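K.L.:
What follows is a structure written as structure tokens; I'll ask about it next.
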Amino acid sequence: MTEPRAVRCLIIGSGPAGYTAAVYAARALLKPVLIAGLSPGGQLTITTDVENYPGFAEVIQGPWLMEQMRAQAEQVGAEIIGDIVTSADLSRRPFRIECDSGQRWLAETVIIATGAQAKWLGLPSEQKFQGFGVSACATCDGFFYRGKEVVVVGGGNTAVEEALFLTHFASKVTLVHRRDELRAERILQERLFANPKIEVVWDHSVDEVLGTADPLGVTGVRLAHVVTCEPREIPCDGVFVAIGHAPSSELFKGQLEMDAAGYLKVRPGSASTAIEGVYAAGDVTDDVYRQAVTAAGMGCMAALEAVRFLAEKDHEAAHKPLSHVEAEKIGVW
């Protein structure tokens, strides 16, 4: 079995939160190790145009932005490992982390930045057009549909909020819901029904996303009535799937506090979990904003808190009185 490696700061996850944490931890000379996970770069790797990340006047590509973050982290001294964490024991320090490769880690601090995954419909056509007309983030991509018609799929708070947000750009928003009533909060429903740009199609599900291959782009959706199965097509330029997100927190069930949806809980205004030395940042703990820039900010917070925590532990160790046995060993007893 591979011998465990000791590390002062281990970062799990490689999106904006993880890479930013790596930059700050490396600059503090912690020599952090980042385990990239199954999808290095996170959700931005399936986002094409990014126009709302600060510092870039021109539209940039999501995968390129993640490449730049990774390069910066490595340039300042972070070690990035292409592996997947399979188990984490947070019951005592150093924390014990095991990876798919068989490598084991003993970490003095752990920053969890495993993100969240949008829930998708599971259609081959949906996957085909992801990033080319199919999105799971209106805040990220709504700007590109100015004066165009879009479809939003879902019936909860997320779907209604996305539909309302998209009315600032789109000429028409069609909300498709498989039931005959929404699950969203009443006040959101009132706003939705009062908006003249929004039409609701009840009792329908999306069977297929329609589009062109060259250039790759969405031209509409094919729906089916949930009772009669009667087909119906709606022309549109974009489809926003808003049926929720699932935080990637399964590794930590039973060890860290979570809300009902599985998002990790941190202390207000902090990245600290209930376990001393364990921090959470980005979409794994954020079900409100879910933006690259907020994730990066949380990654910064987590790293700075880890730096302070380790500095305090180092200070305590340096000033801890020697035990009788320790004193005898160095000849001062």
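K.L.:
Residue separation times 0.36 nm, minus the C-alpha to C-alpha distance between Val288 and Thr2: what's the value?
P.N.:
Gain on stretching Val288 to Thr2: 98.9 nm.
K.L.:
Please give the FRET efficiency for Glu58 paired with Phe165, using the beta carbon to beta carbon distance and R0 = 30 Å, rounded to the nearest 0.05.
P.N.:
0.80
K.L.:
Quick one: putting +1 on the C-beta of Lys and Arg, -1 on the C-beta of Asp and Glu, what dipole do you get for the chain around its Cα centre, in Debye to the nearest 20?
P.N.:
In total the dipole reaches around 560 debye.
K.L.:
Report ³J(HN,Hα) in whole Hz for each residue of region 10-22, in order, from the Karplus equation J = 6.51 cos²θ - 1.76 cosθ + 1.60 where θ = phi - 60°; Gly and Pro get x.
P.N.:
Coupling constants for region 10-22: 10, 10, 10, x, 10, x, x, 5, x, 5, 5, 4, 5 Hz.
K.L.:
May I pose another question? Mind ordering 95-107, 239-251 by average Cβ neighbours within 10 Å, highest first?
P.N.:
With the highest mean Cβ count within 10 Å placed first, the list reads 239-251, 95-107.
K.L.:
Considering only DSSP beta bridges whose two residues both sit in region 122-262, what percent are antiparallel, to the nearest 5?
P.N.:
Bridges in region 122-262 that DSSP calls antiparallel: roughly 45 percent.
K.L.:
Mind listing the long-range amide H neighbours of Leu223? Cut-off is under 5 Å, sequence gap 5 or more, other chains count too, H placed in the peptide plane at 1.01 Å from N.
P.N.:
Asp207, Arg232, Glu233, Ile234
K.L.:
How much accessible area per residue does region 8-100 have, in Å², with a 1.4 Å probe?
P.N.:
Using a 1.4 Å probe on heavy atoms only, each residue of region 8-100 averages 47 Å².
K.L.:
OK, next. Using only the Cα atoms of region 117-185, build the gyration tensor, take square roots of its eigenvalues as a ≥ b ≥ c, and label the shape rounded, prolate or oblate: rounded if a/c is under 1.5, else prolate if a/b is larger than b/c, else oblate.
P.N.:
oblate
K.L.:
Over the chain, what is the percentage of antiparallel beta bridges among all DSSP beta bridges, to the nearest 5?
P.N.:
Antiparallel bridges: around 50 percent, rounded to the nearest 5.
K.L.:
Please report how far the C-alpha centroid of region 54-68 lies from that of region 133-199, rounded to the nearest whole angstrom.
P.N.:
27
K.L.:
Taking amide hydrogens as modeled 1.01 Å from N in the peptide plane, which residues meet the under 5 Å criterion relative to Val200, leaving out close sequence neighbours?
P.N.:
Long-range HN contacts for Val200: Leu175.
K.L.:
Additional query: With the full set of protein chains in place, find how many percent of the accessible area of region 1-156 is carbon and sulfur; take the probe as 1.4 Å.
P.N.:
51
K.L.:
Hey, another quick one. When the Karplus curve 6.51 cos²θ - 1.76 cosθ + 1.60 is applied with θ = phi - 60°, which whole-Hz ³J(HN,Hα) does each residue of region 96-106 get, with x for Gly and Pro?
P.N.:
Once θ is set to phi - 60°, the couplings for region 96-106 become 9, 10, 10, 10, 4, 6, x, 5, 10, 10, 10 Hz.
K.L.:
Right, next: Can you give the calculated 222 nm mean residue ellipticity of the chain, where each DSSP H run of n ≥ 4 adds -39,500 (n - 2.57) and the sum is split over every residue, rounded to the nearest 500 deg cm²/dmol?
P.N.:
-8000 deg cm²/dmol
K.L.:
Right, here's the next one. Magnitude of the Cβ-charge dipole of region 56-145, K/R +1 and D/E -1, about the Cα centre, nearest 20 debye?
P.N.:
Computed about the Cα centre, the dipole is about 280 debye.
K.L.:
5 Å is the cut-off here: which amide hydrogens, built 1.01 Å from N in the peptide plane, fall below it relative to His245, excluding neighbours closer than 5 in sequence?
P.N.:
Under 5 Å from the amide H of His245 lie the amide H atoms of Lys119, each far enough along the sequence or on another chain.
K.L.:
Viscosity 1.306 mPa s, temperature 10 °C: what is the translational diffusion coefficient of region 1-88 from Stokes-Einstein with a Kirkwood Rh over Cα pairs, rounded to a whole number of µm²/s?
P.N.:
This corresponds to a translational diffusion coefficient of 117 µm²/s.
K.L.:
Take the residue pairs Lys119/Lys148; Lys128/Lys172; Lys128/Lys265; Lys119/Lys265; Lys119/Lys253; Lys172/Lys265 and return only those whose Cα atoms are more than 29 Å apart.
P.N.:
As for pairs spanning more than 29 Å Cα to Cα, those are Lys128/Lys265; Lys172/Lys265.
K.L.:
Near Lys253, within a Cβ-to-Cβ distance under 14 Å, what is the net charge of the other residues, with Lys and Arg +1 and Asp and Glu -1?
P.N.:
-3
K.L.:
Using Cα atoms only, what is the angle between the long axis of helix 62-75 and the major principal axis of the chain, expressed in degrees (0 to 90) to the nearest 10?
P.N.:
Its long axis makes an angle of about 10 degrees.
K.L.:
For region 86-94, what does the Karplus curve 6.51 cos²θ - 1.76 cosθ + 1.60, with θ = phi - 60°, yield as ³J(HN,Hα) per residue in whole Hz, taken in order and with x for Gly and Pro?
P.N.:
Computed from phi, the couplings for region 86-94 are 9, 8, 9, 9, 9, 6, 7, 9, x Hz.
K.L.:
From the alpha carbon gyration tensor of region 181-333, can you work out the equivalent ellipsoid semi-axes (sqrt of 5 times each eigenvalue) and give them in Å, largest to smallest?
P.N.:
They are 55, 17, 15 Å, listed largest first.
K.L.:
Between Glu316 and Gln117, what FRET efficiency comes out of the Förster formula 1/(1 + (r/R0)^6) with R0 = 41 Å and r the beta carbon distance, rounded to 0.05?
P.N.:
0.55
K.L.:
Taking only Cα atoms, what is the 0 to 90° angle, nearest 10, from helix 157-166's long axis to the longest principal axis of the chain?
P.N.:
70
K.L.:
Here's another thing I want to ask about it. Over the heavy atoms of Tyr289, what accessible area does a 1.4 Å probe trace out, to the nearest 10 Å²?
P.N.:
Answer for Tyr289: close to 140 Å² accessible.
K.L.:
Here is a further query. Please compute the alpha carbon radius of gyration of region 45-164, then divide it by the globular-protein estimate 2.2 N^0.38 Å. Two decimals is fine.
P.N.:
Rounded to two decimals, the normalised Rg is 1.40.
The values are calculated or read from the model by the stated rules, or taken from the named source; none is laboratory data. Because the structure is predicted, anything quoted here is derived from the model rather than measured. Reconstructed Cβ throughout: ideal geometry from the backbone, glycine too, with neighbour counts over all protein chains shown. Ligands, DNA and RNA are excluded from the accessible area calculation, which covers all protein heavy atoms including side chains. Shrake-Rupley method; radii C 1.70, N 1.55, O 1.52, S 1.80 Å.
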